[in-house]
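Any read-out appearing in this document is the output of simple, stated calculations on the displayed coordinates, not a laboratory observation. Everything quoted here is computed from the prediction, not taken from an experiment. Reconstructed Cβ throughout: ideal geometry from the backbone, glycine too, with neighbour counts over all protein chains shown.
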Amino acid sequence: MTRPITTKIKAQYYGEDLGASEGLLVAVARLLDPLAEGEALEVATENLSVPDDLRVWCRRAGHRFLNATRENGKSIILIERGFVRRTLADPPEWGVRMPRRGETVDMRDWQVGRHATIDEEAPIAGSLAPRGASIEEGAPTIEFSIRKRSDIWANAISELYEQATSSQWVGARDIPWQELAPLDEEVERAVCQIMTFLAENEYAALYVPARFIGQIHPHFTEAALFLSTVMVDEARHIEVFTKRALANGGGLGVASAATQLSLASLLEPKDFSTASFLLSVLGEGTFLDLLAFLEEHAPERATREICRRARQDETRHVRFGIAHAKYTIEADLSAARRFGSAVEARAEFLKSVSGVGALIEESLIIYSGGGMSPSSLRAGTKRVAQLYETMHANRVKRLAAAGFNSDQADHMSRLHTPNFM
């Protein structure tokens, strides 16, 4: 059967002597895919078996073999696109190009084409596919509980992800472990107790996002990817804090009941936004001030470098926490009340915890004073008292940045657990 010459030829391919089973069918199928029904592909071939092979293939694939003619030792075959699609999906997007920043390709610029559309609420059921991809009908669906943008988003999230991926460091390589030398015994004991305390806190900071990351709808892929970097950071912090406690003759200290009670309460919130607020805005925010204090008064360079690098990572986590809390509060007027109630409930739960704990406070005094001489203890006691004041003042600033007024911020800061995190 032949078709009128008026059939619109939209694509052409010269297959030389390539056989159908040698890859020619790949080219034919690919070139037919983007054509509309009724449009035609012209195939030129020197292989004598190709016309018959394509005739059979067209019947199976749902296309129409129009005709085959011989010209100058070649077969010219015309195939009309049928209505059958190889996949039950919308055609993939073509011609989309994200801008570059010099030689780099940055996540902040990847919101182009269909990938640029970020809905306020993703469907209840989703697939494990990039936002904007064509998903074939019949693919299994997965339910995700975090599917509202206000439940997970932060405006700076792409920037924070790029910072995180470009700032990764290696605990075994980037800390000057070779410079560790014996310290005064009481100072080393203080270091080991503090490092144990830091590691305890970082277990909470690791496990809180781990509880939620699998619940995030892939529509909000930036959030899932950023939280994966947070988990990598926290794992590395646990590693180096533990190594420091074990590396210089002291060993791990005591994990107090009060600290464990405080940290366990961070695992209680059922929604990510509340958990993130308690952990990242209040807890890790306070942790930032502690790390800066430990960096300033470190007895040697390895400990100083550990605290410096961990503080840089935690700064990024806190930035996300504040940005997410602000985004959530602006999107949901009840969120501020919910966060405030969570702080009060946690304070009530921890009302038996009256202070940071004797072993930690004593260790901070000896650490910052440089020993147990009277002058060292006097200096350390004064410095730790100043640290508490700094922690409160900076918590208030962070809470204000998240959207609370000064009275609310002061009230919540004073209710925050004395165990810092």
Report the percentage of all Cα-Cα pairs in the range 9-80 whose separation exceeds 13 Å, rounded to a whole percent. 59
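For the range 329-401, which semi-axes, largest first and in whole Å, follow from the square roots of 5 times the eigenvalues of its Cα gyration tensor? Walk me through the numbers on the way to the answer.
Values: eigenvalues 241, 48, 9 Å².
In descending order, the three semi-axes are 35, 16, 7 Å.
Please give the peptides 303-309, 357-363 ranked by average Cβ packing (other Cβ atoms within 10 Å per residue), highest first, as a rough proxy for protection. Walk me through the numbers on the way to the answer.
Details: 303-309: 21.6, 357-363: 19.6.
Packing order, densest peptide first, comes out as 303-309, 357-363.
I'd like the FRET efficiency for Q260 and F83, computed as 1/(1 + (r/R0)^6) with the beta carbon distance as r and R0 of 60 Å, rounded to 0.05.
Numbers: r = 65 Å, r/R0 = 1.08.
With R0 = 60 Å, the Cβ-Cβ based efficiency is 0.40.
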Of K10/K74; K243/K397; K148/K397; K243/K326; K270/K397, which pairs sit farther than 31 Å apart, going by alpha carbon to alpha carbon? K243/K397; K243/K326
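Relative to the Cα centre, what is the charge dipole magnitude of the chain, using +1 at the beta carbon of each Lys and Arg, -1 at the beta carbon of each Asp and Glu, and rounding to the nearest 20 debye? Mind dumping the intermediate values first?
Details: 48 positive and 57 negative charges, 132 e Å.
Magnitude of the dipole: close to 640 debye.
Return the FRET efficiency for the residue pair T104, A331: r is the Cβ-Cβ distance, R0 is 30 Å, and the value is rounded to the nearest 0.05.
The pair T104/A331 has a calculated efficiency of 0.45.
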Rounded to the nearest 10 degrees, what's the angle between the helix 406-415 long axis and the longest principal axis of the chain, both from Cα atoms, 0 to 90? 70
Checking the cross-link filter: which aspartates and glutamates have an alpha carbon closer than 17 Å to that of K351, excluding same-chain neighbours under 8 positions apart? E268
Ranked by GNM mean-square fluctuation in the chain (Cα springs under 10 Å), the top entry among D289, D109, D151 is D109
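Normalised by the residues of the range 9-80, what does the relative contact order come to in percent, with Cα pairs under 8 Å and at least six apart? It would help to have the intermediate numbers written out before the result.
Details: 114 pairs, mean separation 24.4, N = 72.
It rounds to 34 percent for the range 9-80.
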Only four residue types carry charge here, +1 at the Cβ of Lys and Arg and -1 at the Cβ of Asp and Glu. Report the dipole size of the range 9-80 about the Cα centre in Debye, rounded to the nearest 20. 220
Among H411, H217, H392, which one shows the highest mean-square fluctuation when the chain is modelled as a Gaussian network with alpha-carbon springs under 10 Å? H411
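I want the antiparallel fraction of DSSP beta bridges within the range 9-80, as a percent rounded to 5. It would help to have the intermediate numbers written out before the result.
Details: 13 of 18 bridges.
Around 70 percent antiparallel, to the nearest 5.
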Give me the percent of DSSP beta bridges within the chain that run antiparallel, rounded to the nearest 5. 75
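Just need the relative contact order of the chain here, percent rounded to a whole number, with Cα pairs under 8 Å and 6+ apart.
Details: 620 pairs, mean separation 56.6, N = 421.
Computed value for the chain: 13 percent relative contact order.
Shape verdict for the range 284-352, please, from the Cα gyration tensor: rounded (a/c under 1.5), prolate (a/b greater than b/c) or oblate. List each step's numbers first, then the result.
On the way: a/c = 5.31, a/b = 1.83, b/c = 2.91.
Judged from the Cα gyration tensor, the range 284-352 comes out oblate (a/c at least 1.5, b/c at or above a/b).
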S49 versus K74: modelled label distance in nm, points set 7 Å from Cα along the beta carbon direction: 2.2
